[in-house]
Amino acid sequence: MKIAIPVDDPNLETSVCQSFGRTPYFLIYDTETKERKFIDNSAAASQGGAGIKAAQSIVDNKSEVVLTPLCGENAAEVLNAAGIKIYKTRDASAMDNINAFIEGQLSLLEEIHPGFHGNGSK
Amino acid sequence: MEANNMRIAVLSGKGGTGKTLVSVNLAAAAKESIYIDCDVEEPNGHLFFKPENVKEEEITIKIPSVDEQLCMGCRICAYFCRFNALAYVNDKLKIFDDVCHCCGGCVLLCPVEALSDKDKVIGKVQKGTKDNVTVNTGILNFGVESGVPIIKKLLNENKPGGKKLTFIDCPPGSACIVMESIKEADYCILVAEPTLFGVHNLNMVYELVKLFDRPHGVVLNKCLDGENPAEKFCLEKNIKILDRIPFDHELGTLNSNARIAVKENEKYQTLFASLLQKVTKEVQQHETVTNP
């Protein structure tokens, strides 16, 4: 199973990025092969709809789980349509959160925020 | 340019500065005028005029709609959309209406004509009259992102070259919606408050009118005795100060009760009639300089 998590830096000590749609990178972790891959988030510089585009790339990467502190409603709609589960991260590094998820310690993200649309983008 | 067919926009960097006070009273002070409320998120000019015989028209935009039988999942539309209003998930195209800027590009580019235009109502325009003023109001529905199509409609309905003096009550700020409102204005009145915050906001709209190369002047509102940072800013930047409106309890009370000051008291009639004259003169002078 592949897990996607928005991160601030492309290294294993990285913290979790506070934004899903505009995170600079995603860390994709494969629980079977233990492979870790960083992908650039091409949505980060979008004029609008960054969450939708970021979610699309997570869907296309065939991740089954997203770990994130926050998620907007449009991104959640794309992820939900693909059957991807969204879990809420804790205040810890990205790898600590992945381990916590594997041990069943993270809970589903319940609060989906209405987005930060139109903040200077138009 | 004849004094009676000018388009004068009234703007400010933030709300509550006095745009509506100035535009409503100027429109009421003019012999015959058109008032256009472009502050579509919270239009309030009509509260002052209380227009009669109001006619209403819905405003729609075109957003894409997909025929899932025809869509083959090429994603050309999704790649094209710079606002990412389309996603392709589980062999289905998802369209985010609220994110769409209705450019129509996706419909044009679809190679199998799976996308077509669909109307979406975003608000309405109202037109009525009261005494010497034709009152136009734009109203944007809750939750809709952009009021620009409503402003386009309002300004198209009242094209330049008409026979009446037109006052455009702009939305606050300096975003797209304000740019649309001042695009074809002959003159811009910037309304400013005597505070540091007021100066910051004045600077925003000042930069905007310079960018659009619109002739402009400032009305200093809520003036008190003592130092006025907005006045200082105008003097430093060499911006024309058109008038000073005092911080006046009576004016504030009239305005907060939705009364039109020029109709209530001779001194406000004199104040706004003189402002109107100065603005008219400014526009004509500018015309002579640019088209001698």
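The values are calculated or read from the model by the stated rules, or taken from the named source; none is laboratory data. Predicted, not measured: the structure shown is a model, and the values here were computed from it. A quick note on method: Cβ atoms are made from the backbone with ideal geometry, for glycine too, and the neighbour counts reach across all protein chains shown.
Go through the residues of the range A:24-36 one by one and say whether even a single one is surrounded by fewer than 17 Cβ atoms within 10 Å (Cβ to Cβ) and at the interface with another protein chain (Cβ under 9 Å from one of its Cβ atoms).
No, because not a single residue in the range A:24-36 is surrounded by fewer than 17 Cβ atoms within 10 Å (Cβ to Cβ) and at the interface with another protein chain (Cβ under 9 Å from one of its Cβ atoms).
Could you please let me know if B:D117 is of a type in the set (D, E, K, R) and within 13 Å of chain A (Cβ to nearest Cβ)?
Details: of a type in the set (D, E, K, R): yes; within 13 Å of chain A (Cβ to nearest Cβ): no.
It is false that B:D117 is of a type in the set (D, E, K, R) and within 13 Å of chain A (Cβ to nearest Cβ).
Being touching a Ser or Thr at 6+ places or on another chain (Cβ under 9 Å) and of a type in the set (S, T, Y) is true for just one of A:S63, A:S46. Which residue is that?
On the way: A:S63 fails: touching a Ser or Thr at 6+ places or on another chain (Cβ under 9 Å).
Of A:S63, A:S46, the one residue that is touching a Ser or Thr at 6+ places or on another chain (Cβ under 9 Å) and of a type in the set (S, T, Y) is A:S46.
What are the pairs, 6+ residues apart or on separate chains, where a residue within the range B:80-108 that is more than 26 Å from B:I150 (Cβ to Cβ) and at the interface with chain A (Cβ under 8 Å from one of its Cβ atoms) has its Cβ under 9 Å from a residue that is among the hydroxyl-bearing types (S, T, Y) and buried (at least 17 other Cβ atoms within 10 Å of the Cβ)?
Matching pairs, first to second residue: B:K94/B:Y88.
As an exercise: evaluate B:D97 against (1) within 22 Å of the chain's Cα centre (by Cα); (2) over 19 Å from B:S181 (Cβ atoms); (3) at pLDDT below 95 and give the number of the one condition it does not meet.
Exception for B:D97: condition (1).
Considering the range B:257-281 alone, what residues qualify as being surrounded by 20 or more Cβ atoms within 10 Å (Cβ to Cβ) and either more than 15 Å from B:A27 (Cβ to Cβ) or over 23 Å from the mean Cα position of the chain (by Cα) (or both)?
Within the range B:257-281, B:Y268, B:L271 qualify.
For the range B:241-256, name all the residues that are farther than 16 Å from B:L220 by Cβ and over 23 Å from the mean Cα position of the chain (by Cα). Walk me through it before giving the result.
At the first step, the residues of the range B:241-256 found to be farther than 16 Å from B:L220 by Cβ are B:249-250, B:253-256.
Once the filter is applied, which keeps residues that are farther than 16 Å from B:L220 by Cβ and over 23 Å from the mean Cα position of the chain (by Cα), the range B:241-256 yields B:H249, B:E250, B:T253, B:L254.
Would you check if B:V10 is at negative phi and part of a loop (DSSP other than H, G, I, E, B)?
Taking the combined requirement at face value, the residue does not satisfy it.
Only one of A:G21, A:G104, A:G83, A:G115 is free of Cβ contacts under 8 Å to residues at least 60 places away in the same chain, at positive phi and at the interface with chain B (Cβ under 10 Å from one of its Cβ atoms). Can you tell me which?
Values: A:G21 fails: at positive phi; A:G104 fails: at the interface with chain B (Cβ under 10 Å from one of its Cβ atoms); A:G115 fails: free of Cβ contacts under 8 Å to residues at least 60 places away in the same chain.
The match here is A:G83.
Can you tell me which residue among B:L235, B:L254, B:L275 is within 20 Å of B:L165 (Cβ to Cβ), out of contact with any Cys (no Cβ under 9 Å at 6 or more places or on another chain) and among the hydrophobic types (A, V, I, L, M, F, W, C)? Please lay out each step first, then the result.
Details: B:L235 fails: within 20 Å of B:L165 (Cβ to Cβ); B:L254 fails: within 20 Å of B:L165 (Cβ to Cβ).
Going through B:L235, B:L254, B:L275 in turn, the sole match is B:L275.
Within the range B:138-146, identify whether any single residue is part of a strand (DSSP E or B), without any contact (Cβ under 8 Å) to a residue 60 or more places away in the chain and surrounded by 15 or more Cβ atoms within 10 Å (Cβ to Cβ), and answer yes or no.
Residues of the range B:138-146 that are part of a strand (DSSP E or B), as a first pass: B:138-140.
Now drop any that are not without any contact (Cβ under 8 Å) to a residue 60 or more places away in the chain, which leaves none.
No, the conditions are met nowhere in the range B:138-146.
For a quick check of your reading: which strands (runs of 3 or more DSSP E) sit entirely within the range B:15-114 and have at least 2 residues that are surrounded by fewer than 19 Cβ atoms within 10 Å (Cβ to Cβ) and of a type in the set (S, T, N, Q)? Talk me through it step by step, then tell me what you get.
Working: elements: B:33-37, B:52-66, B:86-89, B:92-95.
The strands (runs of 3 or more DSSP E) meeting that bar are B:52-66.
Pull out all pairs, ordered by first then second residue, where Cβ-Cβ is under 8 Å, the residues are six or more apart or on different chains, the first lies in the range B:19-36 and is of a type in the set (F, W, Y), and the second is assigned to a helix (DSSP H, G or I).
Sorted first by the residue in the range B:19-36, then by its partner, the pairs are B:Y35/B:S23; B:Y35/B:V24; B:Y35/B:A27; B:Y35/B:G45; B:Y35/B:F49.
Do we have any residue at all in the range A:53-61 that's touching a residue at least 12 places away in the same chain (Cβ under 8 Å), surrounded by 17 or more Cβ atoms within 10 Å (Cβ to Cβ), touching a strand residue (DSSP E or B) at 6+ places or on another chain (Cβ under 8 Å) and more than 14 Å from chain B (Cβ to nearest Cβ)?
The answer is no, given that none of the residues of the range A:53-61 is touching a residue at least 12 places away in the same chain (Cβ under 8 Å), surrounded by 17 or more Cβ atoms within 10 Å (Cβ to Cβ), touching a strand residue (DSSP E or B) at 6+ places or on another chain (Cβ under 8 Å) and more than 14 Å from chain B (Cβ to nearest Cβ).
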